[in-house]
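Accompanying notes for the structure given below.
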Amino acid sequence: MSDQTSRFVGNIPENYDRVLGPVLFADYAEHTARLVAGYAPSRVLETGAGTGIVTRRLRDLLPATTRLVATDLNPPMLDVARKKFRPDESIEFQQADAMALPFADASFDAVVCQFSAQFFPDKEKSYREAYRVLAPGGRYVFSVWDGSYNRMRHGWIADEVAAQFFPTDPPQFYRVAGSYNKIDPIKDSLSVTGFIDLRIAVLAREKQVADIGAFARAMVYGNPLIDMIRARGGVDPDQVVDALGEAFAREFGNPGRLPQRAILFEATRS
């Protein structure tokens, strides 16, 4: 996965975790972790674990005897995740590509992936890998953003603001982040892979954002958009932050109310 949209490196993980985590990811992580814990799995793999937002809740909710393995393509993300766990907590961290998992067949009872599938260049291959490492009857749980304008306005606005600074070569990060949300094609891909008992939930939230300016800064510095801006050159990233903060304040207020919606998929390995 060499695409620039999947490179969460440098200072990105800290900015991502500190501001974007509580606003965009924590509530969905709670829901996902509780769902997975309800299966009572003895072996759990998380792909695209990032800074451990879901991982932390999984470890809190699963018995201490449950094997929990957290993987991500980007080691700097896992470095932040490690800091959330005590030395005596049982958890394994490993760099891994979700399209080429370094685990034996039937190694896990559940595979979890929150908001990472949209960045996988070959999504069908990632489904086959999840299927392969699951034991028969194991569950695959993953989520994607509903990228429609009314449900992911913050992403669309960020994309539009960035494009104003680079009209001939607009950064693509938020287009990718919200681009993978068509339920029927995803269902078809899972079925072709061999998954059964597909269940789909649409989860809408409205999140309070106390400091819309800080959120705007994290939306630039907390993901690969910052590297895309720097690579193009000629624009101070803080100019983008300021313009984005103004756009967010007009749209959501300050403090603001941020609408968002996710699509959660559950599938069982036959």
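The values are calculated or read from the model by the stated rules, or taken from the named source; none is laboratory data. None of the values given here were measured: they were computed from a predicted structure. Because the Cβ atoms are built from the backbone with ideal geometry, glycine has one as well, and the counts that use them run over all protein chains shown. Just the protein is used for accessible areas: all its heavy atoms, side chains included, with ligands, DNA and RNA removed. Shrake-Rupley method; radii C 1.70, N 1.55, O 1.52, S 1.80 Å.
In region 59-139, taking the dipole from charged Cβ atoms about the Cα centre, the farthest positive-side position among Met99, Ala117, Leu62 is held by Leu62.
I need the trypsin sites (Lys or Arg not before Pro) found in region 34-106, filtered to DSSP loop residues with at most 14 other beta carbons within 10 Å of theirs.
Details: sites: Arg34, Arg43, Arg56, Arg57, Arg59, Arg67, Arg82, Lys83, Lys84; in loops: Lys83, Lys84.
When the trypsin sites (Lys or Arg not before Pro) of region 34-106 are filtered for loop state and at most 14 Cβ neighbours within 10 Å, Lys83 remain.
Once divided by 2.2 N^0.38 Å, the Cα radius of gyration of the chain becomes 0.99. Computed about its Cα centre, the charge dipole of region 99-173 is approximately 200 debye, with only Lys, Arg, Asp and Glu carrying charge at their Cβ. Simple point charges give the picture: +1 on the Cβ of Lys and Arg, -1 on the Cβ of Asp and Glu, and for region 24-146 a dipole about the Cα centre of about 220 debye. For region 136-266, the solvent-accessible area of protein heavy atoms averages 44 Å² per residue (probe radius 1.4 Å; ligands and nucleic acids excluded).
Taking only the alpha-carbon atoms of region 2-81, what semi-axes of the equivalent ellipsoid follow from 5 times the gyration tensor eigenvalues under a square root, in whole Å, largest first?
Each semi-axis is the square root of five times an eigenvalue, giving 23, 14, 10 Å.
Remark: region 114-157 is approximated by an ellipsoid whose semi-axes, taken from the C-alpha gyration tensor as √(5λ), come to 28, 12, 6 Å, largest first.
Per-atom-type breakdown for region 40-141 gives carbon and sulfur 51% of the accessible area (1.4 Å probe, protein chains only). The stretch between Gln208 and Ala231, if pulled fully straight at 0.36 nm per residue, gains 5.0 nm over its current Cα-Cα span. Ordering Val209, Leu244, Pro185 by Cα displacement along the dipole of region 185-249 toward the positive end leaves Pro185 in first place; charges were set at the Cβ atoms of Lys, Arg (+1) and Asp, Glu (-1).
For the pair region 68-145 / region 223-260, the C-alpha centres are spaced 30 Å from each other. Accessible area of region 147-248 with a 1.4 Å probe: how many percent of it is carbon plus sulfur? In region 147-248, the share of accessible area belonging to carbon and sulfur is 49 percent. Each of Gln239 and Lys125 was given a label point 7 Å from its Cα along the Cα-to-Cβ line. The distance between the two points is 3.8 nm. Here, region 64-144 has an Rg and a Dmax of 12.9, 37 Å when only alpha carbons are counted. Counting only protein chain heavy atoms and rolling a 1.4 Å probe, the accessible areas of Trp156, Trp145 rank, largest first, as Trp156, Trp145. Counting only heavy atoms of the protein chains and using a 1.4 Å probe, Thr268 has close to 20 Å² of accessible surface. Packing, as the average of other Cβ atoms within 10 Å across residues, places the peptides 214-225, 19-30 in the order 214-225, 19-30, highest first.
Cross-link pairs exceeding 29 Å in C-alpha to C-alpha distance, out of Lys84/Lys207; Lys182/Lys207; Lys83/Lys187, comprise Lys83/Lys187. Placing unit charges on the Cβ atoms only, positive for Lys and Arg and negative for Asp and Glu, gives region 181-270 a dipole magnitude near 260 debye about its Cα centre. Taking each DSSP H run with n ≥ 4 as -39500 (n - 2.57) and averaging over every residue of the chain yields -11500 deg cm²/dmol at 222 nm.
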